[in-house]
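The values are calculated or read from the model by the stated rules, or taken from the named source; none is laboratory data. Please read these numbers as outputs of a predicted model, since none were measured by experiment. Cβ placement follows ideal geometry from the backbone for every residue including glycine, while neighbour counts extend to all protein chains displayed. When the accessible area is computed, the model is the full protein with side chains, heavy atoms only, and any ligands, DNA or RNA have been set aside. Shrake-Rupley method; radii C 1.70, N 1.55, O 1.52, S 1.80 Å.
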Amino acid sequence: MAEFDQFELKTNMAMEVERKIHIQLARGGVVIKSRARAFFNADQPPNDVHAALQAPARLVKHDGAIFVTDDKGMHLLRTLELLLPETPSVAGLLAHEPMLGFDIDPKQRIWEAGQFVTVTVPTYERNMELVDGIMRDAPHAAMGLKNYIKVKLAYENPPADALAIGRHMIARIEELVQFSWTGYEGTDLRVQLGLMWEGFQKLLQQAEAAKPAEKHLLDHASDLVVAIGKASVGVVMALKEVGLMARDLGLWGLDKLSNAFGYEIDWSASSSVGKAYESGKSTSEVFKAIVDGIIDSWSRAVEHAENGDYSQLMDLGAELALDIAIEAVTAGAASPGVAAKRAGTAARLAEHALVLTEDAVEALTRRTEAMLQRAKQALKRVPEDVRAALQDTIDTASGVLTGLKDSVKIADAGAGTVHVVDKTAITQAIQRSRGAQAIDAAKGAMTKLRGPAARAQGASVVEQLEKLAKTSKMPDTIYAVARRIAEGESKAKFVAALDKLLKGTARALDEEVVAGVLRRAADAVDPLAFLDNVEWVMARKGITVEARKALVRQAVLRDSPLDLRWLRELTELPDGMLERMALNPGTHWKSFMKVSKKPSDYFPSALKMLKRSDYADAGAKLRGVAGELVFELEGVELPGGLKIVGRQIDAAGKVIDFGLQDASGARALLEVKAWSAERWASELAAAHKPKEALAHMLEQLKAAQSTGQPVYLAVPDAIGTRLKRLDEVLQRANLGRVKIVTFPEAKLVKIRGGLLKGLGLTAGVATVAADQLLKEEGDDQDLP
């Protein structure tokens, strides 16, 4: 049953021994093909089959296949891999496998074959099925553990299923490789499963030990800043959504009206709420979905708080989100009004109500109550510095609950029992709760005052704050003021300054600005000095009341605010320049304060680490301001008798410097680009692929041209012969209707000199050319 071949290869010999064993069993049979190959020196033993079998095993490569037939079909296995054998020869190596051994008794060989067919083969096939299952499920189990860790580190409570699945996966691998492994599955697969087992062990240990980082007070302060930023973005997005919603509902109503006359309007929804209506959702379904989403957000925030992360609680947009949700679902929608009228209510109520089915009210009530209960439990465990944030969430949810519980039940033949919810009652309940708690905090702070006079002024401040507490965002400001009174120094003087502000100056300011002034004062290093500077601005002679109010607004409602002390004590701006810079919302005070010889509170001299780009930025911004002031202060004549009637005009989403009007009332737009000659040369040279500044200018002009009004582009005469090139660029950009006008560079230089002196800017601003500005920056007032 054995054969061999010899091949002489120069001084080497290759010997190959092949065996084929066929064992017939009572049920089926086994066919084994085995091959052993070895390479030797031609002039040395072994030189026959016997010697080859006794050759050192390290010189032999053995492979083969086992083919089994039984009542279940046919099975093919490779021969067992024999790595690093302890035996010195191939004969001894195969002796460990009785079916393959050379000196095995025939009966023993048949018994081994029977065991192989009845035990090994079924176990092997089961193992391969287990391997397939493990390979199929392993990615999902690993992803589940990784997601568990991610969620846990994000201060949330992930489901425990991932841990159970991970433990089960480890047990499946252990059972396979430790108890049922036959060896015929292959060494590579065994190694792969071993590595997989180690990987799951590590993942499981990491998941079980995962714990979010403990947050400290400074972390919470940072979270609060981020949350306020998110809330600001949320305001913009929400207002955009409401605008789209108004458009959708208007077209929807017009379409319904048109249907009555036998024709239809082709329209499609733009807002998410409008798309829900278009898909056939009812108002109550849309409202329920929105409130469900808000409750889910609150629940996640509470869950984070339970795990030590309070950033989501500090998102001040909760109340706004609810207001927007209610307004978006009900503003202008016909369906609530129709349902309310069918239910027999007055049209007046329909305008301010939301009609929900009884099931929807019950479901929302249950979810809100459950979330409230959990939030109140968390309130007992969170640190003092975040209790106000959690209380804000509780107040908001309580307002929803109040509105739902106080809804009017009406039996309607078409819809069954419906609930008419007064949407204004919900927002009023929220504001009442938050405002009342803020006022309580203020009253508590006033108890720290000493003396009857201070107590009287404290009572007066509380009375004034109570009038403001109903406005949005004011409760948070009152909390901050109360905290400063309770914890700060010079309590009586601070309260006296607040009393003076609220009784006098505040009455001339918008409520939003008043809230900003109070919040800045509460956070200021010297609140008395800050309030005194506000009083100075509002009493400033030589500029209009509107300009004074604009300066205060820029000092309290900007991310990069104007320092009023710097403006008051350290600048010498003439009234005309200050008036127009104040009324321009795009004035970059920050750039000027940064390089001023007279340091501001936001950029003290000890902290100055100015770069060349800081001077270039200020110089470019200054040139832009000067270019606009040329038309307002130097009497530069505009074509057609046009006069400036507005600043920073919105045109299709872009900001244009001036709105113009002639004697007949015809309107026009003027954009000023005061770039230096070098800057114009650089921008126009790359006009085939415009830089950011030139591209921005072209977008502005296209937006202005889309309004249908005449559009003018003003440039300094320093542009020289490049004026023709500019005209070509406009023509190529389909802006041929834009008219170019020039103004004297000399007048711009004169205005610029006055600004340099008035703002106390350093010499570096004058010496660094504007064309050295970093590529991503521009000198436009409205270019970020």
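By how many nm would the segment from residue 727 to residue 137 lengthen if fully extended, with 0.36 nm per residue of separation less the alpha-carbon distance? List each step's numbers first, then the result.
Values: separation 590, 0.36 × 590 = 212.40 nm, distance 6.61 nm.
Here the answer is 205.8 nm.
In whole angstrom, and with the biggest value first, how far do the Cα coordinates of region 673-717 range along each principal axis?
In descending order, the Cα extents are 32, 25, 12 Å.
Taking the Cβ of residue 542 as the centre, find all other residues whose Cβ is under 14 Å away and add up their charges (Lys, Arg: +1; Asp, Glu: -1). Please report the intermediate quantities before stating the final value.
Numbers: positive: 540, 541, 548, 568, 580; negative: 546, 572, 575, 579.
It works out to a net charge of +1.
Say each of residue 365 and residue 695 gets a label point 7 Å from the Cα, pointing the same way as Cα to Cβ; how far apart are those two points in nm?
Result for the modelled spin labels: 5.7 nm.
Can you tell me the length gained on complete extension of the stretch residue 27 to residue 510, counting 0.36 nm per residue apart and subtracting the Cα distance? Numbers along the way, then the final one.
Numbers: separation 483, 0.36 × 483 = 173.88 nm, distance 9.75 nm.
Working it through step by step, the gained length comes to 164.1 nm.
Which whole-Hz ³J(HN,Hα) couplings does region 742-758 yield from phi under the Karplus relation 6.51 cos²θ - 1.76 cosθ + 1.60, θ = phi - 60°, glycine and proline marked x?
With the stated coefficients, region 742-758 comes to 10, 9, x, 4, 4, 5, 5, 5, 5, 4, 4, x, x, 5, 4, 6, x Hz.
What percent do you get for the relative contact order of region 443-497 when only Cα pairs under 8 Å and 6+ apart count?
50 percent
Using a 1.4 angstrom probe and counting only protein chains, how large is the accessible area of residue 22 in Å², to 10?
120 Å²
Can you tell me which of 163-169, 136-142, 436-442 comes out highest on packing, and rank the rest after it, using the mean Cβ neighbours within 10 Å? Write down the numbers at each step before the final one.
On the way: 163-169: 16.7, 136-142: 14.3, 436-442: 19.0.
Highest mean packing first, the order is 436-442, 163-169, 136-142.
Rounded to a whole number, what is D in µm²/s for region 89-170 from Stokes-Einstein with the Kirkwood radius over alpha-carbon pairs (20 °C, 1.002 mPa s)?
Values: Rh = 16.6 Å.
Answer from the Stokes-Einstein relation: 129 µm²/s.
Once fully extended, how much extra length lies between residue 78 and residue 740, figured as 0.36 nm per residue of separation less the alpha-carbon to alpha-carbon distance?
Values: separation 662, 0.36 × 662 = 238.32 nm, distance 8.58 nm.
Here the segment from residue 78 to residue 740 would lengthen by 229.7 nm.
Taking R0 as 56 Å, what's the FRET efficiency between residue 175 and residue 532 from their Cβ-Cβ distance, rounded to 0.05? Don't skip to the answer; put the middle values down first.
On the way: r = 79 Å, r/R0 = 1.41.
My answer for the efficiency is 0.10.
Keeping all protein chains in the complex and leaving out DNA, RNA and ligands, what accessible area do you get for residue 544 with a 1.4 Å probe, in Å² to the nearest 10?
We get 70 Å² for residue 544.
How much net charge surrounds residue 639 when only the other residues with a Cβ under 12 Å from the Cβ of residue 639 are counted, with Lys and Arg +1 and Asp and Glu -1? Show your work: numbers first, answer last.
Details: positive: 643, 739; negative: 637, 662.
That works out to 0.
Using a 7 Å offset from the Cα along the Cα-to-Cβ direction at both residue 471 and residue 189, what is the distance between the two label points in nm, to one decimal?
So the two model labels end up 7.5 nm from each other.
Would you please name the GluC sites (Glu not before Pro) within region 515-594 that are DSSP coil residues with at most 15 other C-beta atoms within 10 Å of their C-beta? Before the final figure, lay out each step's value.
On the way: sites: 535, 546, 569, 572, 579; in loops: 572.
Passing both the DSSP loop test and the Cβ count: 572.
Using R₀ = 30 Å, calculate the FRET efficiency as 1/(1 + (r/R₀)^6) where r is the Cβ-Cβ separation of residue 544 and residue 448; round to 0.05. Spell out each step's value before the answer.
Details: r = 40 Å, r/R0 = 1.34.
According to the calculation, E is roughly 0.15.
Counting only the heavy atoms of the protein chains, how much of residue 190 is accessible to a 1.4 Å probe, in Å² to the nearest 10?
Its accessible surface works out to 90 Å², give or take rounding.
Between residue 161 and residue 115, with labels modelled 7 Å along Cα→Cβ, what's the label distance in nm to one decimal, could you check?
For the pair residue 161/residue 115, the computed spacing is 4.5 nm.
What FRET efficiency comes out for the pair residue 524/residue 154, r = Cβ-Cβ distance, R0 = 56 Å, nearest 0.05? Before the final figure, lay out each step's value.
Details: r = 35 Å, r/R0 = 0.62.
With a Förster radius of 56 Å, E is 0.95.
If you filter region 689-743 for GluC sites (Glu not before Pro), then keep DSSP loop positions with at most 16 other Cβ within 10 Å, what is left? Walk me through the numbers on the way to the answer.
Numbers: sites: 692, 699, 728; in loops: none.
Of the GluC sites (Glu not before Pro), not one in the loops of region 689-743 has a Cβ with at most 16 other Cβ atoms within 10 Å.
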